[in-house]
Structure formats: C-alpha cells, structure tokens
Amino acid sequence: QKEVEQDPGPLSVPEGAIVSLNCTYSNSAFQYFMWYRQYSRKGPELLMYTYSSGNKEDGRFTAQVDKSSKYISLFIRDSQPSDSATYLCATNAGGTSYGKLTFGQGTILTVHP
Amino acid sequence: GAVVSQHPSWVICKSGTSVKIECRSLDFQATTMFWYRQFPKQSLMLMATSNEGSKATYEQGVEKDKFLINHASLTLSTLTVTSAHPEDSSFYICSARDNSGASYGYTFGSGTRLTVV
C-alpha cells in the first residue's frame, strides 16, 4: 500500500464548476499536508499547506485535513481554464523545515471553457 | 519568495554519455536539496537527499554510482547522470529546503527533461 493514495483522474469539468480533489494517507505520523500544482513540463508550485486537522482558505482554494480519517482535500471554486494542471498532494512528518515529502500520484484536471 | 533555478530545462544526449543538471538557490541558502524523477503521468519519486558538504542519501533502488550528486555549496547542487541509457529518459526535478523561515520550507526547480537516444 502506498503511503499516500490519490486518484489520478483525469478529471474534466466545465468552467465555473467546483472541483474536489482528494487524497488518503496511511502514516499517522504525517502532520503537514500540502497541495502542489504542476503545469506540464514544469516543477510543482505550492498552493496550500496545512498543519494537522482543519481548514485553510486562500482565494478560490480551500484545503481540508481530517486526521481522524486520514483524508485530505482541496476544493477549487469557480474553476478556470488556467486551473488545468496536475494537482499533487504531499505530506511530511517532520515539520515545515525538515524531512522529505511523500507525494500522491497526482490528479490531472482539465477545466474546459 | 524563494527561487530555485534549474538548468538545463531540457537536454538530449547520446546513450553512454553523461549529463549534468544544476540547481541553484537564488536568494536563500539551501542546506538540503532533494532530487526527484518523474515519469509521464506519474508522481514525483524521490531519488536522493543531499546536505551541503556531506554525501547524499539515496533512496532504495537508486544507483548512487549512476546518479552522482554533489552539494558542495549552500547555493548549488548538481545531479550527474553517468553513462546514460534510454531508460534514464525522464523529468528530473530538484527541491531545496529553505531553513531561514522566510518562506515555506520546500521550493522546486522548474525541472529538466532528459532524453537519451
């Protein structure tokens, strides 16, 4: 079993839709949870990060973590064609400044006009 | 914010030759650098972790003699793919950890697409 599981999709939605992306993880030691966006042939860029359980909102993006069920989510409101990318969830156990990241497989999202 | 400059962005080389990929942290000191490879439509797979001035720690299954990592300074790390073969063709990405507290810990380079012919 992979430490972080993510449905690879692909996911295709119309512009303006609410997108829900999800990951599950198995290691209870994970405390920091991140979402990265990766455009084709580019490195990942950090979208959101959260510590432990709870919600965090930044513009059209909301990240949720439920440590009791080991479930993390990213919601994108009013999705735009420019949101078309691969979205990767990632976790680590050691805090923000040390420890390697464990990535999910990535979900390919296409937002069509 | 923190920036990691990775070069080249793409490279084509002949089988049997070596290729060097550079990653530089532009505005922070990268005490730790992570090197990943990514196959099409797959996630990032960690290859090795390097700390400035010490030997890299390789993940299981990664050949350290084939993928040479040098992290001689706080702003530069290099990955050399030696005696490259077509199966080494992949997307290689570095990530540097910024411990200054000025930004969240991990910044990624823009990646290098290696094609071995």
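For this structure, a couple of remarks:
- Candidate set: the stretch A:38-47, residues that are open to solvent by 40 Å² or more (accessible area, probe 1.4 Å) and not aliphatic (A, V, I, L, M); chosen: the one modelled with the lowest pLDDT: A:ARG41
- Extreme residue, modelled with the lowest pLDDT, among residues of the stretch B:75-111 that are in a loop (DSSP other than H, G, I, E, B), out of contact with any Gly (no Cβ under 9 Å at 6 or more places or on another chain) and within 13 Å of B:THR31 (Cβ to Cβ): B:GLY101
- Residue check, A:THR50 surrounded by 15 or more Cβ atoms within 10 Å (Cβ to Cβ) and more than 25 Å from B:ILE93 (Cβ to Cβ): no
- Candidate set from the stretch A:73-86 (those that are over 24 Å from A:SER28 (Cβ atoms) and of a type in the set (Ser, Thr, Tyr)); member that is most open to solvent (accessible area, probe 1.4 Å): A:SER82
- Residue, nearest to the other protein chains (Cβ to nearest Cβ), within the stretch A:1-33, restricted to residues that are touching a His at 6+ places or on another chain (Cβ under 8 Å) and of a type outside the set (D, E, K, R): A:SER12
- The single condition from (1) part of a loop (DSSP other than H, G, I, E, B); (2) more than 14 Å from the chain's Cα centre (by Cα); (3) away from chain A (no Cβ under 11 Å) that B:VAL62 fails is (2).
- Of the numbered criteria (1) part of a strand (DSSP E or B); (2) away from every other protein chain (no Cβ under 14 Å), the one A:TYR36 fails is (2).
- A Cβ distance below 7 Å, combined with a sequence gap of six or more or placement on separate chains, defines the contacts here; from the stretch A:48-71, residues that are within 14 Å of chain B (Cβ to nearest Cβ) reach residues that are in a loop (DSSP other than H, G, I, E, B) in the pairs A:TYR49/B:TYR104; A:TYR51/A:GLN31.
The values are calculated or read from the model by the stated rules, or taken from the named source; none is laboratory data. Quick caveat: nothing in here was measured; it's all calculated off a predicted structure. Ideal geometry is used to build each Cβ from the backbone, glycine not excepted, and the neighbour counts take in all protein chains shown. Please note that ligands, DNA and RNA were not included when accessible areas were found on the heavy atoms of the full protein model with its side chains. Shrake-Rupley method; radii C 1.70, N 1.55, O 1.52, S 1.80 Å.
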